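One structure is given below, encoded as structure tokens.
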Amino acid sequence: MSELPHDPYITAVIDALIAAGLEPDQWWTSDAETDPYATGDDAGCTTMLTAALGWDDTRVDEDDEDGQDGLFLFWDHPAEQWQYARPRTEGGNTEPEFLPRLGLYSDPGAVAATARALLADEPLPEGTAPYWHPADSVRTAITAWSSRT
């Protein structure tokens, strides 16, 4: 399987999570998801680049209406921000919510800090996360991928 244009960024995020002691139980990248952000004639027919990171925690939390702890982080191009959701006991996850602090190319350490807060049910870090400057080459690769025919 060849490397996808966003793989270097997601790998840097995974490395930061591992360094922070927060290795996801599962993660993957894809270029096959239908782009829900597309409008116009191509709506429903185009794909987007995605990444999903998941932490399994099957402890039942009686105070949580969803009934289960755990976390999913989602990265979608062309969305402008990371998103998160919680697993549901019956499978799947809650509706993803945007994380305004985390831009599409936020510093991997900031992604790890946000994941730590979400996993611990603590307040999210404040302010806007810094941009990850090595993402410039990733952005170029994604632009080329997006303009393919």
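Values as computed for the structure displayed
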item: Nitroxide proxy distance, nm - points 7 Å out along Cα→Cβ at Ala117 and Tyr131; result: 2.2 nm
item: Nonlocal amide H pairs with Asp69, under 5 Å, H built at 1.01 Å; result: Arg59, Asp61
item: Magnitude of the charge dipole, the stretch 70-119, Cβ model with Lys/Arg +1 and Asp/Glu -1, debye to 20; result: 200 debye
item: With every protein chain in place, the stretch 79-146: carbon and sulfur % of accessible area (1.4 Å); result: 52 percent
item: Label-to-label distance, nm, for residues given as Ser147 and Leu124 (7 Å Cα→Cβ offset); result: 3.2 nm
item: Largest to smallest accessible area among Leu22, Leu124 [probe 1.4 Å]; result: Leu124, Leu22
item: Proximal charge balance of Tyr9 [Cβ under 12 Å; K/R count +1, D/E count -1]; result: -4
item: Cα-derived Rg to Rh of the stretch 70-137, Kirkwood definition; result: 0.99
item: Local electrostatic count at Leu104 - Lys and Arg +1, Asp and Glu -1, tallied over other residues with Cβ under 11 Å; result: -1
item: Per-residue ³J(HN,Hα) for the stretch 70-80, Karplus 6.51 cos²θ - 1.76 cosθ + 1.60, θ = phi - 60°, Hz, x for Gly and Pro; result: x, 7, 10, 10, 10, 10, 10, 9, x, 4, 9
item: Radius 14 Å from Cβ of Pro24, net charge of other residues (Lys, Arg +1; Asp, Glu -1); result: -4
item: Separation in nanometres of the label points that stand 7 Å from Cα toward Cβ, at Glu95 and Arg139; result: 3.1 nm
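The values are calculated or read from the model by the stated rules, or taken from the named source; none is laboratory data. Remember, it's a predicted structure, so these values are computed and weren't measured experimentally. As a convention, Cβ positions derive from the backbone with ideal geometry for all residues, glycine included, and neighbour counts pool all protein chains shown. For the accessible areas, the whole protein counts, side chains as well, though only heavy atoms, and no ligand, DNA or RNA atoms are used. Shrake-Rupley method; radii C 1.70, N 1.55, O 1.52, S 1.80 Å.
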